[in-house]
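Read the figures in this text as sums done on the coordinates, not as results from a lab. The model shown is predicted, which means the values in this text are computed figures rather than measured ones. Positions of Cβ are generated from backbone atoms using ideal geometry, with glycine treated the same way; all protein chains shown enter the neighbour counts.
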Protein chains: 2
Amino acid sequence: MTCYPGFLCGCRCAASRAAALHSLLKYQAAAVASPLLAGLLLPGGLQRRLVTRSRLSPAQSLLPSFAAGFPPQRLLQQGSSGSPGPGPEPSALGQQSSSGFALSRLDQRRGRSAGSAGLPCGGGFRPTRVVVVAKTTRYEFEQQRYRYAGLSEEDLKQLLALKGSNYGGLLERHYIHTKNVEHVVDSLRNEQIEVCLVKRREYDEDTVRWADAVISAGGDGTMLLAASKVFDRFKPVIGVNTDPERSEGHLCLPVRYTHSFPEALQKFYRGEFRWQWRQRIRIYLEGTGINPTPVDLHEQQLSQEQHSRAHVNGRFHDQRSEVSGPHLLPVRALNEVFIGESLSSRVNYKSCKPSFKFSLHRASYYEVSVDDGPWEKQKSSGLNVCTGTGSKAWSYNINKVATQAVEEILKIAKKHESLNLPLSGELIQKVTNEYNDSLLYSPEEPKMFFSIREPIANRVFSSSLQRGFFSKVCVRSRCWDACMVVDGGTSFEFNDGAIASILINTEDALLTVLLEE
Amino acid sequence: MTCYPGFLCGCRCAASRAAALHSLLKYQAAAVASPLLAGLLLPGGLQRRLVTRSRLSPAQSLLPSFAAGFPPQRLLQQGSSGSPGPGPEPSALGQQSSSGFALSRLDQRRGRSAGSAGLPCGGGFRPTRVVVVAKTTRYEFEQQRYRYAGLSEEDLKQLLALKGSNYGGLLERHYIHTKNVEHVVDSLRNEQIEVCLVKRREYDEDTVRWADAVISAGGDGTMLLAASKVFDRFKPVIGVNTDPERSEGHLCLPVRYTHSFPEALQKFYRGEFRWQWRQRIRIYLEGTGINPTPVDLHEQQLSQEQHSRAHVNGRFHDQRSEVSGPHLLPVRALNEVFIGESLSSRVNYKSCKPSFKFSLHRASYYEVSVDDGPWEKQKSSGLNVCTGTGSKAWSYNINKVATQAVEEILKIAKKHESLNLPLSGELIQKVTNEYNDSLLYSPEEPKMFFSIREPIANRVFSSSLQRGFFSKVCVRSRCWDACMVVDGGTSFEFNDGAIASILINTEDALLTVLLEE
């Protein structure tokens, strides 16, 4: 029962993928016809907003969307050429393409055609091939871990009990998730849509290239995973929350569609939805002794024994680059980029750099420059650079204020100015909400929110710059064992000597759909 | 040159310790005489404050300090009996004593006598035996790590260069530290004080028991380490900042004494200082499948290869307790107790629990009850419970507000109430400072400040309780891979099923000295 999705995915996926790679050219040919029609998908509002944001010349921005062909294409190229920050070196770009990540001309063409293969005639969206990325449940995770350790299901039960964990509860959540994934898969099949159901480990760029659309079946974490392999800005990624009672699904469809997915499909067909391009962050890494090799923080967890052994043996042979860069890193951040010390000893382990002091409040030392301004030395618990999408996630929790704090601040001000200010609970709540709402912005806006986590001020360091909206953030590491973590899932070493340029290029936007409740 | 301290410590320490253990009884006998005189050390102000804080009966608090014998003794016993929270079971206490940590009757007597051996005749303080705990510099750390990996000094130089680190800079900081340590050691020897110079690894309870006083030579981190082995509330711990230009030394003597330590000694002799009892936090752990085994997060870093191998082999044989507790944990927090997920994979590793998702913003699930109030479900990036000492450390950075935020909050309030409030930079700074100052309190106050790190509110969780001063905090873990970390140095598993009772018992206070600038 529990291995049903894995099993299904194993076989179907192999078949689908083989078929996919052979028929790719056919799709590309078939797609050439429909770029103009595809243009109809873009609601004028969104289109105009994108035009303004990507700073086209007046003449360009006045072009009617129809005459503009497939508008986002235009805009994204514009965004790209007009993007701030260093451009990747040819060598770096070459490296990107070979790893299948970069948006090279070839990838763009392939991406667009694959995308438009499923794109609508008449404003709707009718995919023919969908990859469903299913979350690994905590039950599956524990099961796989202990199976690796050669334990039986009974042993697992006992070990979980010993840990004080509830085996039955895990199983229940697992079944709920599995049932909802089955519902999505069956709904797609009933529409004669070819489905490839995969888990994290089987999910790769080939699978993405094969599909017209990607559906993430899990929570926001699974949506981030699904998005992490999609570098084609015309391939929609759609999130389904498979455990609405327990997990948040800000990036997913409204929860009602979890149990009535056929209804969502009908709305796609009829065009009763709105496309949303969520901006993403790209990172250029340069400096001495940098290592642009990404480390998958999820993958490592299951196989850490193998990992550690490997690192113990080969620990002086990591792929450290002598090139000073800038390297365009092979990831795009949908939520945020976090830079801090001692994020994960596994990462340090891989690069043979154990943490000196292992605790969350180990300070991070770095220099920061925003929008090409002067460099400022800072010391903190790390820094967060988020997108509009991420402004509702970790960044929000870092920066929001509590009513308790607002009340105390207003009381102090009132006392100092002997104000006649009635501090009603209503006012305090209003002020708190308005302040906290000011931290949120649209996922479509090509700007970043920068904030420092727990800034440390002393005679050596003073953080005048603590938060704000910027279009470019550069960070020079002064850390010993720091990581740069993208969406909590991919990590890069970021130590003394490394410089990161963090910015938004509208070319990297992720295509998602908005459905009404 | 660089190994001079280590070398010195190795030989002297062995000798001193042998001598110490043989002459312990003599000191105990010699000590019995001076408890009343010792009382003179306590300034009346501090004494009265302590009396009030530990809630003696009016009759008791009216007793003159002299008639009260050695006042702190009285108070601490009172504090102990009057302490909230569960009392440790006999079995648990037994375990504590055997591990040499608990303040058993014997330990108290031994501790007091050893302490008073160095205690003053006539208000001054003249130790005869001092243990100096020296920081391991980053240079030594790197050197040891790479030596373990079989590399030469030349290899080290190259590896650091490859990492973009400055070998010369490391060496310079190392020499500055070493020079300052030598100055302290020589100053003590010139006064015929027996010195035992140790590094982290050689520093243990025997060494502490042998000494009249402990001097930490490093920064605040080294002071926390030095304090972590001292369970005798009459044994002073004194901090010397050995790198004043670079490191903070809130817990250390004023920096001028770094270069003129003999002057500090003269002030000790003449009683030109003030004793300060810094309150510390104790933790009782209970629940199913708890593991009260502490993990030294510093030690692990250097020997992680051995560690990991050991854990891979013996990973199902940890000392997990079947007893439901409450266990009094063998540590006392001088700064804070932090509870959160994925603090360190090494810890999870040891207990065979790799982290499911490895990133700093993995949410922690738990229930909390303060001062025996109702339990509240919470979700956050962890929680921090600090002492007055710790209120100036991590807790301060978690809770302080930026002028930027205060300005925006006041602007919003002004707009809503259409106030005639001139928002001068001066007012904003005043309000900010007053709010942030309200987060600080005296290290001597037996109360704790509780705060949530990045609270997460959603339809499931609402954190009404976000911060405040309390005398008891109980936390029930709902975490998968959580740790309870004491002063950033010692970690305990804290997973689903475990309950921690966190409180201050004045018996645990740490004796330190205050010198004027």
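If you rank A:Val230, A:Val406 by fewest surrounding Cβ atoms within 10 Å, what's the result? Don't jump to the answer; show the numbers that get you there.
Details: A:Val230 24, A:Val406 28.
Ranking A:Val230, A:Val406 by Cβ neighbours within 10 Å, fewest first, gives A:Val230, A:Val406.
Tell me which residues come under 5 Å, amide H to amide H, from A:His327 once H is placed; ignore anything under 5 positions away on its chain.
A:Leu285, A:Glu286
Hey, what did segment A:379-517 get for relative contact order, percent, Cα under 8 Å, at least 6 apart? It would help to have the intermediate numbers written out before the result.
Numbers: 176 pairs, mean separation 36.6, N = 139.
Taking the mean separation of contacting Cα pairs over the length of segment A:379-517, I get 26 percent.
Cross-link list A:Lys400/B:Lys472; A:Lys199/A:Lys392; A:Lys199/A:Lys267; A:Lys400/B:Lys135: which exceed 31 angstrom alpha carbon to alpha carbon?
As for pairs spanning more than 31 Å Cα to Cα, those are A:Lys400/B:Lys135.
As a footprinting exposure proxy, order A:Leu253, B:Leu197, A:Leu465, A:Leu171 by other Cβ within 10 Å, with the fewest listed first.
A:Leu171, A:Leu465, A:Leu253, B:Leu197
Rank these for me by crowding, B:Ser216, B:Ser438, going from fewest to most other beta carbons within 10 Å.
Taking fewest neighbouring Cβ atoms as first place, the list is B:Ser438, B:Ser216.
So what does the Cα-only Debye profile of segment A:174-224 read at q = 0.13, 0.29 Å⁻¹, as log10 I(q)/I(0), no solvent term?
Ignoring solvent entirely, the Cα scatterers give -0.32, -1.33.
Cα convex hull of segment A:362-501: how many Å³ per residue?
With only Cα atoms used, segment A:362-501 gives 142 Å³ per residue.
Among the aspartates and glutamates, select those whose C-alpha is under 20 Å from the C-alpha of A:Lys179, and discard any that sit fewer than 8 residues away in the same chain.
Counting by Cα, and skipping residues close in sequence, A:Lys179 has these aspartates and glutamates nearby: A:Glu140, A:Glu142, A:Glu191, A:Glu194, A:Asp220, A:Asp243, A:Glu245, A:Glu248, A:Glu263.
Name the aspartates and glutamates eligible as straight-distance cross-link partners of B:Lys430: C-alpha to C-alpha under 20 Å, and not fewer than 8 places from it in the same chain.
Output for B:Lys430: A:Glu407, A:Glu408, A:Glu417, B:Glu407, B:Glu408.
Starting from a label point 7 Å past Cα on the Cβ side, list the distances from A:Arg270 to the same position in the other copies, nm, shortest first.
For A:Arg270, the inter-copy label distances come out at 9.2 nm.
Over all distinct Cα pairs, what is the inverse of the mean 1/r for segment A:191-255, reported as the Kirkwood hydrodynamic radius in Å?
Its Kirkwood hydrodynamic radius stands at 12.2 Å.
Label-to-label distances across copies for B:Asp155, with labels 7 Å out along Cα→Cβ, in nm, shortest first?
Those label-point separations list as 3.6 nm.
Find the percent of Cα-Cα distances in segment B:162-290 that exceed 25 Å, and round it to a whole number.
32 percent
Suppose every Lys and Arg Cβ carries +1 and every Asp and Glu Cβ carries -1, with no other charges. What dipole size does segment A:361-517 come out with about its Cα centre, to the nearest 20 debye?
With Lys and Arg at +1 and Asp and Glu at -1, about 820 debye.
Would you mind listing the distances between the A:Asp371 label point and the same position in each other copy? Use 7 Å along Cα-to-C-beta, nm, one decimal, shortest first.
List, nearest first: 4.7 nm.
Name the residues whose placed amide hydrogens come within less than 5 Å of the amide hydrogen of B:Val132, ignoring near sequence neighbours (fewer than 5 apart) on the same chain.
When sequence neighbours closer than 5 places are left aside, the close amide H contacts are B:Cys196, B:Leu197, B:Val198, B:Ile215.
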